[in-house]
Amino acid sequence: MNFSESEESYYLYKEKGYEGEVNFDKWAVPLSVSEKVIFLNDVNLNQNNNHFQVDSFGISSGTLHHFEVKNLEGDYSIDKGKWISPSGNPVKNPLIQVDKTETLLNQLVNNHSIPLAVKSHLILINPEFHLYNVPSNLPIVYPAQMNRFRNSLLHNSWKIRNADIRAAEKLLALNIGESPYDSVPKYRYDELRKGMVCRGCG
(Lines give C-alpha, C1' and ligand atoms only; values in the text may rest on other atoms or scores of the structure.)
Protein backbone atom coordinates (compact mmCIF):
# COMPACT_ATOMS: atom_id res chain seq x y z
CA MET A 1 0.00 0.00 0.00
CA ASN A 2 1.07 3.61 -0.26
CA PHE A 3 2.24 5.02 3.08
CA SER A 4 1.90 8.58 4.21
CA GLU A 5 5.24 10.25 5.00
CA SER A 6 4.84 9.64 8.74
CA GLU A 7 3.76 5.99 8.20
CA GLU A 8 6.76 5.35 5.96
CA SER A 9 9.13 6.96 8.47
CA TYR A 10 7.68 4.80 11.28
CA TYR A 11 7.91 1.66 9.11
CA LEU A 12 11.57 2.30 8.24
CA TYR A 13 12.34 2.96 11.93
CA LYS A 14 10.71 -0.34 12.95
CA GLU A 15 12.39 -2.25 10.12
CA LYS A 16 15.82 -0.88 11.11
CA GLY A 17 15.18 -1.85 14.73
CA TYR A 18 14.08 -5.35 13.71
CA GLU A 19 17.26 -5.82 11.63
CA GLY A 20 19.32 -4.86 14.68
CA GLU A 21 17.51 -7.39 16.88
CA VAL A 22 18.02 -10.15 14.27
CA ASN A 23 21.75 -9.35 14.15
CA PHE A 24 21.88 -9.42 17.95
CA ASP A 25 20.21 -12.85 17.98
CA LYS A 26 22.87 -14.16 15.57
CA TRP A 27 25.61 -12.68 17.77
CA ALA A 28 24.07 -14.36 20.84
CA VAL A 29 24.01 -17.89 19.37
CA PRO A 30 27.32 -18.96 21.02
CA LEU A 31 25.89 -17.86 24.39
CA SER A 32 22.68 -19.83 23.82
CA VAL A 33 24.41 -23.05 22.78
CA SER A 34 26.90 -22.79 25.67
CA GLU A 35 24.10 -23.77 28.09
CA LYS A 36 25.22 -20.89 30.28
CA VAL A 37 22.61 -18.27 29.29
CA ILE A 38 18.83 -18.51 28.81
CA PHE A 39 17.54 -15.97 26.29
CA LEU A 40 14.02 -14.51 26.20
CA ASN A 41 13.33 -12.16 23.30
CA ASP A 42 10.76 -9.42 22.71
CA VAL A 43 9.05 -9.62 26.10
CA ASN A 44 6.23 -7.19 26.94
CA LEU A 45 5.68 -6.57 30.64
CA ASN A 46 3.47 -4.49 32.89
CA GLN A 47 4.65 -3.10 36.21
CA ASN A 48 2.31 -0.80 38.17
CA ASN A 49 0.36 -0.02 34.97
CA ASN A 50 3.58 0.83 33.13
CA HIS A 51 3.84 -1.21 29.95
CA PHE A 52 7.38 -1.76 28.72
CA GLN A 53 9.06 -3.93 26.12
CA VAL A 54 12.42 -5.65 26.47
CA ASP A 55 14.35 -6.52 23.30
CA SER A 56 16.20 -9.40 24.93
CA PHE A 57 16.85 -10.95 28.35
CA GLY A 58 19.82 -13.15 29.16
CA ILE A 59 19.47 -15.09 32.42
CA SER A 60 22.76 -16.36 33.74
CA SER A 61 24.35 -17.11 37.11
CA GLY A 62 21.69 -15.32 39.15
CA THR A 63 21.73 -12.22 36.90
CA LEU A 64 19.00 -10.88 34.64
CA HIS A 65 20.89 -9.22 31.78
CA HIS A 66 18.64 -6.67 30.09
CA PHE A 67 19.77 -5.96 26.52
CA GLU A 68 18.42 -2.85 24.79
CA VAL A 69 19.47 -3.15 21.13
CA LYS A 70 19.84 -0.07 18.93
CA ASN A 71 20.71 -0.20 15.24
CA LEU A 72 21.79 3.43 14.90
CA GLU A 73 24.05 4.36 12.00
CA GLY A 74 26.46 7.27 11.54
CA ASP A 75 28.39 9.66 13.78
CA TYR A 76 26.41 10.66 16.87
CA SER A 77 27.57 12.84 19.75
CA ILE A 78 26.53 13.70 23.30
CA ASP A 79 26.18 17.36 24.24
CA LYS A 80 25.16 18.17 27.83
CA GLY A 81 23.42 14.80 28.15
CA LYS A 82 21.56 15.14 24.84
CA TRP A 83 22.19 12.81 21.93
CA ILE A 84 22.78 14.56 18.61
CA SER A 85 22.20 12.76 15.29
CA PRO A 86 24.55 12.95 12.28
CA SER A 87 22.26 15.65 10.83
CA GLY A 88 22.80 17.76 13.97
CA ASN A 89 19.31 17.25 15.40
CA PRO A 90 18.61 16.13 18.99
CA VAL A 91 17.26 12.58 19.25
CA LYS A 92 15.84 10.51 22.09
CA ASN A 93 18.56 9.47 24.51
CA PRO A 94 18.38 5.64 24.58
CA LEU A 95 20.05 5.58 28.00
CA ILE A 96 16.92 7.19 29.49
CA GLN A 97 14.88 4.24 28.15
CA VAL A 98 17.47 1.79 29.52
CA ASP A 99 17.35 3.43 32.96
CA LYS A 100 13.54 3.48 33.06
CA THR A 101 13.32 -0.18 32.03
CA GLU A 102 15.92 -1.17 34.61
CA THR A 103 13.93 0.59 37.36
CA LEU A 104 10.71 -1.20 36.33
CA LEU A 105 12.52 -4.55 36.09
CA ASN A 106 13.93 -4.17 39.60
CA GLN A 107 10.42 -3.47 40.91
CA LEU A 108 9.02 -6.43 38.97
CA VAL A 109 11.57 -9.01 40.17
CA ASN A 110 11.13 -7.79 43.76
CA ASN A 111 7.33 -7.89 43.59
CA HIS A 112 7.32 -11.43 42.14
CA SER A 113 10.17 -12.76 44.30
CA ILE A 114 12.34 -13.58 41.29
CA PRO A 115 15.86 -14.09 42.70
CA LEU A 116 17.80 -12.24 40.00
CA ALA A 117 20.00 -9.13 40.04
CA VAL A 118 19.18 -6.82 37.11
CA LYS A 119 22.04 -5.60 34.92
CA SER A 120 21.33 -3.43 31.87
CA HIS A 121 23.31 -3.09 28.65
CA LEU A 122 22.74 -0.70 25.74
CA ILE A 123 23.89 -2.67 22.68
CA LEU A 124 24.85 -0.43 19.76
CA ILE A 125 25.09 -3.14 17.14
CA ASN A 126 25.63 -1.34 13.84
CA PRO A 127 29.32 -1.39 12.79
CA GLU A 128 28.76 1.96 11.02
CA PHE A 129 27.97 3.70 14.34
CA HIS A 130 30.22 5.98 16.39
CA LEU A 131 29.51 8.12 19.46
CA TYR A 132 31.58 11.17 20.42
CA ASN A 133 31.94 12.99 23.77
CA VAL A 134 30.93 9.96 25.81
CA PRO A 135 31.10 10.16 29.62
CA SER A 136 32.75 7.19 31.30
CA ASN A 137 30.96 4.34 33.09
CA LEU A 138 27.92 4.20 30.84
CA PRO A 139 26.36 0.74 30.30
CA ILE A 140 27.11 0.87 26.57
CA VAL A 141 28.53 -1.95 24.43
CA TYR A 142 29.91 -0.60 21.14
CA PRO A 143 30.17 -2.63 17.90
CA ALA A 144 33.94 -3.11 18.29
CA GLN A 145 33.41 -4.45 21.84
CA MET A 146 30.74 -7.05 21.01
CA ASN A 147 33.01 -10.10 20.75
CA ARG A 148 34.95 -9.22 23.92
CA PHE A 149 31.67 -8.63 25.74
CA ARG A 150 30.34 -12.05 24.65
CA ASN A 151 33.58 -13.74 25.74
CA SER A 152 33.34 -12.01 29.12
CA LEU A 153 29.77 -13.27 29.60
CA LEU A 154 30.87 -16.80 28.71
CA HIS A 155 33.87 -16.66 31.03
CA ASN A 156 31.94 -15.26 34.00
CA SER A 157 28.89 -17.53 33.77
CA TRP A 158 28.34 -21.06 35.02
CA LYS A 159 25.99 -23.73 33.71
CA ILE A 160 22.27 -22.93 33.80
CA ARG A 161 20.75 -23.86 37.17
CA ASN A 162 17.21 -24.92 38.01
CA ALA A 163 16.75 -21.54 39.73
CA ASP A 164 17.57 -19.77 36.43
CA ILE A 165 15.03 -21.94 34.58
CA ARG A 166 12.31 -21.19 37.16
CA ALA A 167 13.08 -17.47 36.92
CA ALA A 168 12.79 -17.62 33.11
CA GLU A 169 9.44 -19.44 33.41
CA LYS A 170 8.15 -16.76 35.82
CA LEU A 171 9.15 -13.99 33.40
CA LEU A 172 7.49 -15.80 30.49
CA ALA A 173 4.31 -16.16 32.54
CA LEU A 174 4.33 -12.37 33.07
CA ASN A 175 4.66 -11.64 29.33
CA ILE A 176 1.50 -9.81 28.22
CA GLY A 177 2.00 -10.67 24.52
CA GLU A 178 1.48 -7.95 21.93
CA SER A 179 2.58 -4.45 22.89
CA PRO A 180 -0.32 -1.99 23.27
CA TYR A 181 1.90 0.65 21.64
CA ASP A 182 2.45 -1.08 18.29
CA SER A 183 0.89 0.98 15.53
CA VAL A 184 -0.34 -0.69 12.34
CA PRO A 185 -1.67 1.72 9.68
CA LYS A 186 -5.34 1.42 8.77
CA TYR A 187 -5.83 -0.48 5.52
CA ARG A 188 -8.40 -2.22 3.35
CA TYR A 189 -7.62 -5.47 1.58
CA ASP A 190 -8.59 -4.08 -1.83
CA GLU A 191 -6.04 -1.24 -1.35
CA LEU A 192 -3.13 -3.63 -0.88
CA ARG A 193 -0.83 -4.52 -3.76
CA LYS A 194 -1.05 -8.28 -4.27
CA GLY A 195 2.05 -10.38 -4.88
CA MET A 196 4.02 -13.48 -4.03
CA VAL A 197 4.53 -14.40 -0.38
CA CYS A 198 8.10 -13.88 0.85
CA ARG A 199 9.97 -17.21 1.23
CA GLY A 200 11.90 -15.73 4.15
CA CYS A 201 9.20 -14.34 6.44
CA GLY A 202 5.89 -15.42 4.91
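The values are calculated or read from the model by the stated rules, or taken from the named source; none is laboratory data. These numbers were taken from a predicted model, which means no experiment stands behind them. With ideal geometry, Cβ positions are generated from the backbone for all residues, glycine too; neighbour counts draw on all protein chains shown. For accessibility, only protein heavy atoms count, side chains too; no ligands or nucleic acids. Shrake-Rupley method; radii C 1.70, N 1.55, O 1.52, S 1.80 Å.
If R0 equals 45 Å, the separation of the Cβ atoms of Glu19 and Ser113 corresponds to a calculated FRET efficiency of about 0.75.
Rule-of-thumb check for the chain: C-alpha Rg over 2.2 N^0.38 Å?
Numbers: Rg = 18.6 Å, N = 202, 2.2 N^0.38 = 16.5 Å.
This ratio for the chain stands at 1.12.
In this label model, Gln53 and Glu5 are separated by 2.5 nm, measuring between points 7 Å along each Cα→Cβ vector.
Using a cut-off of 27 Å between Cα atoms, the listed pairs Lys16/Lys119; Lys119/Lys186; Lys70/Lys194; Lys36/Lys170 include Lys119/Lys186; Lys70/Lys194 as exceeding that distance.
Remind me, relative contact order of the range 15-89 in percent, using alpha carbon pairs under 8 angstrom and six or more residues apart?
Details: 82 pairs, mean separation 17.6, N = 75.
This gives 23 percent for the range 15-89.
In the chain, helical runs assigned H by DSSP with n ≥ 4 each contribute -39500 (n - 2.57); averaged across all residues and rounded to the nearest 500, the mean residue ellipticity at 222 nm is -11500 deg cm²/dmol. With equal scatterers on the alpha carbons only and no solvent term, can you work out the Debye log10 of I(q)/I(0) for the range 10-105 at 0.20 1/Å? Scattering profile of the range 10-105, log10 relative to I(0): -1.14. Whenever you get a sec, compute what percent of the accessible area on the chain sits on carbon and sulfur atoms (1.4 Å probe). So the carbon and sulfur contribution to the accessible surface is 50 percent. For Leu40 and Asp79, the FRET efficiency from 1/(1 + (r/R0)^6), where r spans their Cβ atoms and R0 equals 25 Å, is about 0.10.
Order these peptides, 98-106, 17-25, 189-197, 153-161, by their mean beta-carbon neighbour count within 10 angstrom, highest first. Please report the intermediate quantities before stating the final value.
On the way: 98-106: 17.6, 17-25: 16.0, 189-197: 6.7, 153-161: 14.0.
The peptides rank, most packed first, as 98-106, 17-25, 153-161, 189-197.
What percent does the relative contact order of the range 1-155 come to when contacts are Cα pairs within less than 8 Å and at least six residues apart? Could the numbers behind the result be given before it?
Details: 214 pairs, mean separation 34.3, N = 155.
So the answer I get is 22 percent.
Between Val91 and Ser32, full extension at 0.36 nm per residue minus the direct alpha carbon distance yields a gain of 17.9 nm. Ignoring aspartates and glutamates fewer than eight residues from Lys80 along the same chain, the ones with Cα atoms less than 20 angstrom from its Cα are Asp99. Between Lys159 and Met196, the simple label model (points 7 Å from Cα in the Cβ direction) yields a spacing of 4.8 nm.
Summary of packing: across the peptides 79-92, 29-42, 113-126, 165-178, the per-residue average of other C-beta atoms within 10 Å ranks them, highest first, as 113-126, 29-42, 165-178, 79-92.
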